[in-house]
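Inspection log for the structure reproduced underneath, given as structure tokens.
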Amino acid sequence: MAPIRSSADFQKVASKSPEKAQAWLKEVVKDAGPVLPAALSANLTQLGSMDQASFRAAASSPAVVDLFGQVAKAALVTGSPMPAELPVLHGTLHVDRGATVRTGEQGYREWPDLKLTLELDDGKSLSLQSDLEGHNDIFQFIPGTDVMAFDGGPVSLRGYLNGAGDTLRVTEFAPGTESDFVTGRVVVSGDSVTVRARGRAAVEVTDPTLKAELKAHAKLGVILPGEVKDGKYAGNPDAYWMLVKFTAPLTPGPGGDTMQGNIEAGTSTTYTTVTVPAAEAAKIEVGDRMYVKGRFGATGVQASEATRSAGSPWLTASSDRGSALKSIFEFTEVG
């Protein structure tokens, strides 16, 4: 089946091969459904289960048109055998932690007054208003508001911008202005190494060197820059971001201009030493989840950059423990 990139593409497939079009819709709902507004997801589910005669007549329905976000230029793109993938938007992230700081579950620092503001490249200003309910999955995916670790810089956000262009539901993020990337947790199954990313199917790591490295660190949270094609990541970057927690204050490292410390990662399955430049070490908040950019080596991780805290995984920017942090988060236009 040819890639479906617009409602016109979809209608063309629906008229010739309605069973293929309905199968495609089911893939969209399966892998991107949690990102879409509930009513839209429900409408797409209904379309996917219709008899073929009714489906042909409904192929140009508002639900299908809205799916491709014509106003927002946010068409879901897919090609056999991959399910739908979401577009990438770019902007600058600003974080205001607020005045209140407290120690929460597992000793993580929490900022109940946290405010995240996103300035998209098209000039829109969005703020984090809420997260979506029903996806308590922080040990399977990277929590969405971890993006706060990249305060003050450009960020790349994969997600669904609604038809009005005023609400962005985000599934994956990366610092910088990446055209493509994959963000999620490493999954090891036999000889297979994949990254479980929200909103799309698992992405297979195919480069032998990177695959061997990640195979030793199941559940590690990673942000891998570079192209994902046909569900496969073939890159082997000089460095990538990984989610870690320093467990004790850092001490001077080799050369006099570095600092090093012990970390745990991968939901407490990876333990090693990380060495960072002294200037980067000043950002580190011991005991909190954060990111370092580097690669694993014989003596641990040699990192070139570090971030500030990514916050508690148990606290959203809009609510307390009653609604655990989800992988999906939502920015809404302000001002």
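Out of the residues in the stretch 146-169 meeting the condition of being at pLDDT 80 or above and out of contact with any Pro (no Cβ under 9 Å at 6 or more places or on another chain), tell me which one is farthest from residue 123 (Cα to Cα).
148
Every residue, every condition in (1) buried (at least 21 other Cβ atoms within 10 Å of the Cβ); (2) free of Cβ contacts under 8 Å to residues at least 24 places away in the same chain; (3) not assigned by TED's automatic domain parsing to the domain that holds residue 126, yes or no:
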| site | (1), (2), (3) |
| --- | --- |
| 159 | yes, no, no |
| 166 | no, no, no |
| 191 | no, yes, yes |
| 194 | yes, yes, yes |
| 209 | no, no, yes |
| 213 | no, no, yes |
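So which residues in the stretch 250-296 are over 20 Å from residue 106 (Cβ atoms), over 26 Å from the mean Cα position of the chain (by Cα), of a type outside the set (Ser, Thr, Tyr) and crowded, with 16+ Cβ neighbours inside 10 Å?
250, 253, 259, 260, 277, listed by residue number.
Quick one: which helices (runs of 4 or more DSSP H) lie wholly within the stretch 35-78 and hold at least 2 residues that are at pLDDT below 70? Can you show your working first?
Details: elements: 38-49, 52-58, 62-67.
The qualifying helices (runs of 4 or more DSSP H) are 62-67.
Considering only the stretch 170-181, state which residues are modelled with pLDDT of 85 or more and farther than 19 Å from residue 305 by Cα.
So the first thing to find is which residues in the stretch 170-181 are modelled with pLDDT of 85 or more, and the list is 172-181.
Within the stretch 170-181, 172, 179, 180 meet the criteria.
The values are calculated or read from the model by the stated rules, or taken from the named source; none is laboratory data. For clarity, every value in this text was computed on a predicted model and none was experimentally measured. Glycine gets a Cβ as well: all are built from the backbone with ideal geometry, and neighbour counts include every protein chain shown.
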